[in-house]
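To start, the structure under review is shown below, and the notes come after it.
The values are calculated or read from the model by the stated rules, or taken from the named source; none is laboratory data. Since the model is a prediction, treat every value here as computed from it, not as a measurement. Here Cβ is always computed from backbone atoms with ideal geometry, including for glycine, and neighbour counts include all displayed protein chains.
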């Protein structure tokens, strides 16, 4: 079934460009999961959301229309609007992840080699390693000292900031390198970041390394041993930019999956009174299997929901189980947009296209639907009706040809509660690369679709 280009719906595109302008600013500021969650909590508090921990500590009773949030270790956020209906009748959940593929500094990263200061990295998530060399890179993250002080680090984003990066072998000497397959052209252990070359005066042992440590101490008050309790990420430097001569697209680091997380979050802010309790769940660690305390596989969401139900005077173990079972969810993650440069990996009539609206994926997974949630057609039929009634442009797609590979999301984890879940999101080009591409109209249609879901489902 052929879908229409969503741009054709709009004679006045101001609303689209305004929404995406704010999204661009968000993407330029927020390049780590911590930065995303911090920014979103600030915005949520301004919109009237209260900290669930404070609600619980003060014994405040939640009533329909009340808005609360829960912060999990600075890297996962759960937002709730208490609905008119009892929570055991189910929630309407928007879920996405805020982590993105990147390079992480190792715990003991800094060393000197041939009078160059270098930092060791460990790549995070699925990356084509050769894409991450010869680019201007920035350092983002936190360093936690032994006394508990948390030092925020951002180097490489201001106009007058220095940048860092990873060198590549010159073409003149790369005869053997060019014969390697793409996975081996750049080895993981060669993704070391060049950070300095001036030796510290009167320092005999590793003077360039010593100079870098001196600069870090002057600017941030941190010592080399503080790297042991740091979380520092190497990410592309620079702001998100309009892409295309018509400014119809956005180039940014981290569209996967902030291009779904941001519209989900904004859709929650747009709601006031809701029939069923609305939830926005923004999680970490999806790119490495949703594991760990801040990943979707942790008990954070279940435990937080129990706390909300308790504060609303609705908690019992059975009511919690019913609330989870009766819920509906949009598990929002990016889809692969059809790329005319690589048509051989896509099946045209089951592909997502830039500019054709939000994408629904009945299933993801790999090859024989391995690891897939595979949404129920009854649920999809309800979603179709709601999207059409609210004039939301949508399309359906698979990730690519059946035998080409695949990918996963958080959908199957929520489906373990027996709730209705479907994958949906925004199509992107260059997925998992340093700079990904998304259509502005798709981002806006995603926001409209999430709003319709919370209001009408």
(message) Being farther than 21 Å from residue 8 by Cα and part of a loop (DSSP other than H, G, I, E, B) is the filter here; which residues of the stretch 341-357 pass it?
(response) 341, 342, 346, 347
(request) Assess whether residue 87 counts as being in contact (Cβ under 8 Å) with a residue 40 or more places away in the chain, assigned by TED's automatic domain parsing to the domain that holds residue 293 and over 22 Å from residue 306 (Cβ atoms). (result) no
(request) Please verify whether the stretch 393-411 includes one or more residues that are under 17 Å from residue 442 (Cα atoms), at pLDDT 95 or above and assigned to a loop (DSSP other than H, G, I, E, B). (result) yes
(message) Would you confirm whether or not the stretch 152-170 contains a residue that is part of a loop (DSSP other than H, G, I, E, B) and in contact with a helix residue (DSSP H, G or I) (Cβ under 7 Å, 6 or more places away or on another chain)?
(response) yes
(message) For the stretch 20-53, give me the residue count where each residue is out of contact with any strand residue (DSSP E or B) (no Cβ under 8 Å at 6 or more places or on another chain) and either farther than 21 Å from residue 79 by Cα or modelled with pLDDT under 95 (or both).
(response) 3
(request) Specify the residue that is nearest to residue 256 (Cα to Cα); the eligible residues are those in the stretch 432-457 that are in a loop (DSSP other than H, G, I, E, B) and at pLDDT 95 or above. (result) 432
(message) Checking the structure you have, find out if any residue of the stretch 149-160 is over 24 Å from residue 28 (Cα atoms) and surrounded by 15 or more Cβ atoms within 10 Å (Cβ to Cβ).
(response) no
(request) Evaluate the stretch 286-309: report whether one residue or more is in a loop (DSSP other than H, G, I, E, B), touching a strand residue (DSSP E or B) at 6+ places or on another chain (Cβ under 8 Å) and surrounded by fewer than 18 Cβ atoms within 10 Å (Cβ to Cβ). (result) yes
(message) Out of 195, 208, I need the residue that is touching a residue at least 40 places away in the same chain (Cβ under 8 Å), closer than 30 Å to residue 251 by Cα and in the same structural domain as residue 164 (by TED's automatic domain parsing). Which one?
(response) 195
